[in-house]
Each structure stands twice: as structure tokens, then as C-alpha cells.
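The values are calculated or read from the model by the stated rules, or taken from the named source; none is laboratory data. The structure presented is a predicted model; accordingly, all values stated were derived computationally and were not measured. All Cβ positions, glycine included, derive from the backbone under ideal geometry; neighbour counts span all protein chains shown. Side chains included, ligands, DNA and RNA excluded: accessible areas come from the protein's heavy atoms. Shrake-Rupley method; radii C 1.70, N 1.55, O 1.52, S 1.80 Å.
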Amino acid sequence: MQQQKRQPELVEGNLPVFVFPTELIFYADDQSTHKQVLTLYNPYEFALKFKVLCTTPNKYVVVDATGAVKPQCCVDIVIRHRDVRASYYGVIDKFRLQVSEQSQRKALGKKEIIATLLPSAKEQQQQKEEEEKRIKEHLAESVFFEQTLCQPENRTASSGPSLLTVFLGVVCVAALMLPTLGDMESLVPLYLHLSVNQKLVAAYVLGLITMVILRT
């Protein structure tokens with residue numbers, strides 16, 4: 001009776017496989033990353049057999065590439081990178097984790113894990129920080145570019161500064177008058193304290209608004 005209830009789940013290739021992580025990153029300059037661990041979870045009511053396959057087995061050592069995991073338990077699979085060389089930097093390899101029921105040979109489910117060798121963890125972090133910095137600078141330039149495009153329309157619409165320009169000027173002045181972060185003697189609530197960079201932006205925008213008002 002129990003076999004009939006779970007039979008629909010045991011369709012070949014359709015059983016979900018739960019493994020973490022799904023991506024392995026090895027760094028050539030950090031030997032501690034040359035050993036990675038995959039954790040296979042079995043949330044089902046029956047035991048599972050597993051097998052680990054790899055597209056480039058000559059580059060890796062998989063400890064216990066085959067084994068079993070009990071119902072509602074997990075097992076760790078250790079993977080070591082044994083061929084760290086510059087020609088492999090950035091190359092994406094793939095592992096395939098296949099699972100089956102202990103009494104059967106057919107694969108009930110499979111999961112692919114990608115593996116990449118990178119030269120340095122520090123270089124990777126620096127590239128990420130530089131990319132984030134470029135994105136922030138681009139967004140800031142886009143905001144100021146849109147403001148300068150709106151200025152001619154404001155001048156042609158009326159002889160004096162628009163209400164939006166005046167409002168932005170008042171907001172910038174108020175921002176400059178608020179206390180700076182780290183000023184513990186101020187009675188103003190902490191969430192109204194601005195950083196130095198925020199005040200510099202407010203001062204820059206106020207300068208642009210002042211030029212617009214003087215030209216109108």
C-alpha cells in the first residue's frame with residue numbers, strides 16, 4: 001500500500017534533487033578553497049543512492065563519488081581541485097549528481113553543479129567593487145543630465161523660476177542645515193543626520209539651482 005502511494009513520484013528523471021551549493025568557485029591563490037563540500041539532502045520517505053559524474057574528471061577528486069543517503073537525512077560530498085593552473089582560469093566545468101532508489105538502477109533525478117577556477121579572490125572582489133562604483137557614477141550622471149535638460153523648458157514656460165526649482169532649492173538648503181553623521185550633541189533625530197557625501201550632493205544641486213534662478 002505504501003509502495004502504491006509513492007509510485008507516482010518515482011518517475012525516471014522527474015524526482016527533484018536537493019543539493020547545496022549549486023555553484024563551486026575555486027581560487028588559485030587560496031588553498032582553502034581547493035576543497036569544496038556539496039551537501040545532498042533527502043527529504044523523502046525512502047533511501048536514495050547517489051552518483052557524482054564530472055565533465056573533466058582529471059581535474060578533480062571526488063571523495064565517495066557514490067553512496068547512499070537515508071530518508072530525511074543529508075550527506076556531504078567532498079570535491080578537491082587537483083590541477084590548478086592558469087590555463088584553466090574562467091573555464092566552467094560541470095558536475096552531475098544522479099539519484100536513484102536503492103532497489104532500482106534507473107536515475108530518478110539529477111542536478112547539475114557548475115565549477116569555476118578563478119585566479120584570485122581579492123581580484124574578484126575588486127572587480128565587483130569597481131563595477132558597483134561604475135554603476136553608481138552612471139546613475140548619478142544620468143540624474144544631473146536629466147536636470148540640465150529640463151532647465152530650458154522651465155525658462156520658456158515662465159519668466160521666473162518654476163515652483164519645482166524653488167522647492168528643490170529649499171530641500172537642498174534644509175539638507176545642508178541638518179546635522180552631520182556623528183554629531184552626538186544635536187537634538188535632531190538620528191535618522192535625519194546626513195553623511196558628508198549627501199551634503200556635498202545637496203550643495204552641488206543647490207549650486208545648479210542657483211545658476212538657473214540667476215539666469216531667469
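Arg80: in the same structural domain as Lys35 (by the TED database), surrounded by fewer than 17 Cβ atoms within 10 Å (Cβ to Cβ) and modelled with pLDDT of 95 or more, yes or no? Against the criterion (in the same structural domain as Lys35 (by the TED database), surrounded by fewer than 17 Cβ atoms within 10 Å (Cβ to Cβ) and modelled with pLDDT of 95 or more), Arg80 qualifies. Looking only at the stretch 144-164, decide whether some residue is modelled with pLDDT of 75 or more and open to solvent by 60 Å² or more (accessible area, probe 1.4 Å). Scanning the stretch 144-164 turns up at least one residue that is modelled with pLDDT of 75 or more and open to solvent by 60 Å² or more (accessible area, probe 1.4 Å).
In the stretch 13-25, the residues that are without any contact (Cβ under 8 Å) to a residue 24 or more places away in the chain form Cβ pairs under 9 Å with partners that are in a strand (DSSP E or B), at six or more places apart or across chains, as follows: Phe20/Leu38; Phe20/Thr39; Phe20/Leu40; Phe20/Tyr41.
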